[in-house]
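Novice: Can you read through this structure? Questions will come right after.
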Amino acid sequence: MSKNASTAEGWDQEYEAGRWAFLRSLPESGRYGVIGMWLNLTNSNAEVLDIGCGEGLLYERLAPMGLKRYVGVDLSPASLKIANVDPAIASLRAGDMHSFAPNEGETFSAIVFNEVLHFAEDPGAVVARYVPFLKEDGVIAFSMYAPNKPTSGANKLIAKLWESTDDETKWDVLDDYRLTSDKKNVTWRMRLVKPVR
């Protein structure tokens with residue numbers, strides 16, 4: 001990612017240049033499959049808020065699984081223009097995960113943070129901020145790229161997020177994954193949680 005990508009304009013330039021097209025590749029599909037099955041098996045795939053949705057790849061995977069309402073949020077308006085969604089069930093909105101708020105009264109059966117929490121100084125606080133937007137039995141899924149270097153900044157953020165969601169008084173951890181693509185030599189840390197209410 002370039003230094004520009006911390007701004008909407010920077011992200012737009014990268015999407016327009018095709019920088020993120022690789023996300024459609026087969027080695028990237030495993031994490032979408034895990035998220036899709038998590039939501040399906042917890043009966044939380046009906047109304048999904050996808051933070052950092054990019055061009056709507058998660059929507060494409062969830063649509064055949066009974067998705068009834070999808071809200072995708074991304075900092076890059078250009079990525080949203082690439083998305084191929086059914087406007088009858090999908091709404092795409094430009095926004096930042098730190099300040100985005102759904103429409104009044106809008107709640108979701110699932111909220112997904114797929115490869116976006118690396119851009120949060122305190123990913124646990126960002127995830128906690130979205131709890132009021134969940135339906136009573138709602139779940140939150142997140143996936144984060146985990147570099148091979150254990151002391152990397154990304155791995156430190158993952159450790160912070162895992163530590164914050166390990167608090168059993170606030171979170172019920174439903175599943176915890178380490179997904180590795182041997183083809184791509186990439187690992188993702190993934191977790192499905194439900195807030196304790």
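Novice: Select from region 142-179 the residues that are at pLDDT below 95 and over 18 Å from residue 116 (Cα atoms) and write down the one among them that is most open to solvent (accessible area, probe 1.4 Å).
Specialist: Only one residue tops the list, namely 149.
Novice: Name the one entry in 123, 132 that is open to solvent by 70 Å² or more (accessible area, probe 1.4 Å) and at pLDDT 95 or above.
Specialist: 132
Novice: May I ask you to list the residues in region 120-165 that are in a loop (DSSP other than H, G, I, E, B), of a type outside the set (Ser, Thr, Tyr) and within 20 Å of residue 99 (Cβ to Cβ)?
Specialist: The answer is 120, 121, 122.
Novice: Can you tell me which of (1) open to solvent by 20 Å² or more (accessible area, probe 1.4 Å); (2) in contact with an Asp or Glu (Cβ under 8 Å, 6 or more places away or on another chain) is the one residue 76 doesn't meet?
Specialist: For residue 76, the exception is condition (1).
Novice: Is there a residue being farther than 24 Å from residue 43 by Cα, open to solvent by less than 10 Å² (accessible area, probe 1.4 Å) and touching a helix residue (DSSP H, G or I) at 6+ places or on another chain (Cβ under 8 Å) anywhere in region 84-106?
Specialist: No - not one qualifying residue is present in region 84-106.
The values are calculated or read from the model by the stated rules, or taken from the named source; none is laboratory data. None of these values were measured; they are calculated from a predicted model. Note that each Cβ is placed from the backbone with ideal geometry, even for glycine, and that neighbours are counted across all protein chains shown. Note: accessible area is taken over every heavy atom of the protein model, side chains too, but ligands, DNA and RNA are not part of it. Shrake-Rupley method; radii C 1.70, N 1.55, O 1.52, S 1.80 Å.
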